[in-house]
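Right, one structure below, let's go through it.
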Amino acid sequence: MSPVFQIALALGSVAALLGLMAVVRRLATQWQISAEVQRKLVHVGTGLYALSLPWLFPDRWPVYALVGVTLIVMMVLRLPNSKLGGTLHGVERQSYGDLLLAISVGLCLFLAGDDIYLYVLPIAVLTFADAAAALAGSTYGKRFFRVEDGNKSVEGSVVFFVITLVISMLCLMLMTPFAPLNIIVLSLMVAGFGTLVEAASWRGFDNFFLPLGLLIFLSVHAANPLQELAMLAVTFALSIVAFKAISPKIGLTNHASRVYVITVFLLLAVTAVQNALVPILVLAAHAWSRTAVPCNSRFPDLDIVAALALVSIGWLTLGNATGWNAVSFYGMTAMGLMVGLCAIAVTPRSTLARVAILTAIVLALCVVRYLVIGLNPDPANWNGPMWSVTVASLALAIVVPSLVPQAFVQARVIKLTLLSLAIPLATYLYSIDYSGVFT
């Protein structure tokens, strides 16, 4: 298939999406279809088309171009007075699901590589199980549980579990060589994990966390022996129980507690324990920060999880794209985010106390980094220990919040994340360019 034809097909795909939205909008006017049903009809139509992408386009670059154009179109549809955009944004709650769905399709296709089931299974779950759960919950739901921006139903979660279980078993049976018993255990874990993610997500973030979480989980554990899968399932169950017991003592809501469980489990599932330690400590630093110096965010506990997930997946994707392991830079970013949160937490204390506490934290983190470097294989340390860069990054993350703490009352997590990314990302891009990636 020629490049010109693939570009034309990608542009035609965007036109088809707009046409689908127009048809749904027209039918909604005639048949009094609710905003939620309109949104899910577009969601299913988009998901069905996304499932065909690996076979429709022989090359991957037109798909990435298609995702980029789709994101631009979705942003335009969010403008005020967009009648067509009402098909997606007519629901009362604020949602970024349309944008996150497009991003997830591109990332899943890229990260799946030649293992097509790693793309098909998550996107199929997102397409069918998510829509069915939402519609079942809104139509038949009688027992509800609270999330920060609304309610979700137990009935919807049950429907999600059942449909995800069926999809997972079909995909694994038809597209992998795994043993039947392994497929059953894997499918149960996919359904359980996916149901928890869907139940804990907010503002459309399930369109991001669900497919990418399933892809990462399967890419790491799908080929594990049955005994290891069973141990992983037990660990996940114990994590839920532990967070349920601890969360009231540290001021977490039930929803935030579920989100923390998912985050910690994914961190431990996708990387070695030593590389997950500091990102997990970020959650503890955030709990200290929001208690000592509250910010203006409505849902600060969810903000930090979203930031940590986006940073983790971002570094994973960047490392895969360039071929240069990014785990050391990821660890540096997590260190910066942690000390930035700690710097805000100690602002009510005296200058001497702040210096003493932050110095102790930095020294402890440097010891942890030294141990992590020693435990990681050589490919993870290809750019050396980078102690000068690490110190500069930590200094930046401490000095700015300490000098202007009032600047971090609003959008605290976003600002600290950008601050902690600045030096590691610049160093990474410079280092891989110097190593010949871009030359």
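The values are calculated or read from the model by the stated rules, or taken from the named source; none is laboratory data. Bear in mind that the values here come from a model prediction, so they are computed numbers and not experimental data. Note that each Cβ is placed from the backbone with ideal geometry, even for glycine, and that neighbours are counted across all protein chains shown. These area figures cover heavy atoms from the full protein model, side chains too; ligands, DNA and RNA do not enter into them. Shrake-Rupley method; radii C 1.70, N 1.55, O 1.52, S 1.80 Å.
For the reader, a short list of remarks on this structure follows.
- Residue 302 passes every criterion in (1) closer than 14 Å to residue 420 by Cβ; (2) open to solvent by less than 10 Å² (accessible area, probe 1.4 Å) apart from (1).
- Some residue of region 281-297 being at pLDDT below 85 and under 12 Å from the mean Cα position of the chain (by Cα): no
- Which numbered condition residue 420 fails, given (1) open to solvent by less than 30 Å² (accessible area, probe 1.4 Å); (2) more than 22 Å from the chain's Cα centre (by Cα): (2)
- Filter pass, residue 277 being modelled with pLDDT of 95 or more, of a type outside the set (Gly, Ala, Ser) and within 18 Å of residue 394 (Cβ to Cβ): no
Condition check ((1) of a type outside the set (Asp, Glu); (2) modelled with pLDDT of 90 or more; (3) under 22 Å from the mean Cα position of the chain (by Cα); (4) within 19 Å of residue 194 (Cα to Cα)) across all residues:
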position	(1), (2), (3), (4)
86	yes, no, no, no
89	yes, no, yes, no
103	yes, no, yes, yes
134	yes, no, yes, yes
143	yes, no, no, no
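- Matching residues, region 278-295, being without any contact (Cβ under 8 Å) to a residue 40 or more places away in the chain, open to solvent by 40 Å² or more (accessible area, probe 1.4 Å) and among the small types (Gly, Ala, Ser): 284
- Cβ-Cβ distances below 6 Å connect the following pairs, each with a first residue in region 93-118 that is farther than 25 Å from residue 75 by Cα, a second residue that is among the β-branched types (Val, Ile, Thr) and modelled with pLDDT of 85 or more, and a separation of six or more residues or different chains: 117/176.
- One residue alone among 154, 162, 190 is at pLDDT below 90 and of a type in the set (Val, Ile, Thr), and that residue is 154.
- Candidate set: region 315-330, residues that are open to solvent by 40 Å² or more (accessible area, probe 1.4 Å) and part of a helix (DSSP H, G or I); chosen: the one modelled with the highest pLDDT: 318
- The criterion of at least 1 residues that are under 20 Å from residue 112 (Cβ atoms) is met, among helices (runs of 4 or more DSSP H) falling completely within region 174-246, by 180-200, 206-221.
- Residue match in region 200-213 (condition: at pLDDT 90 or above, in contact with a Phe, Trp or Tyr (Cβ under 6 Å, 6 or more places away or on another chain) and closer than 21 Å to residue 153 by Cα): no
Each row is one residue, and each column tells you yes or no for (1) more than 25 Å from the chain's Cα centre (by Cα); (2) surrounded by fewer than 16 Cβ atoms within 10 Å (Cβ to Cβ); (3) charged (D, E, K, R).
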residue	(1), (2), (3)
343	yes, no, no
348	yes, yes, no
354	yes, no, yes
358	yes, no, no
370	yes, yes, no
373	yes, no, no
376	no, no, no
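- The condition of being touching a Phe, Trp or Tyr at 6+ places or on another chain (Cβ under 8 Å), of a type outside the set (A, V, I, L, M, F, W, C) and farther than 21 Å from residue 284 by Cα holds for only one of 379, 424, that being 424.
- Among the numbered conditions (1) among the polar types (S, T, N, Q); (2) within 17 Å of residue 130 (Cα to Cα); (3) open to solvent by less than 30 Å² (accessible area, probe 1.4 Å); (4) modelled with pLDDT of 75 or more, the only one that residue 46 does not meet is (3).
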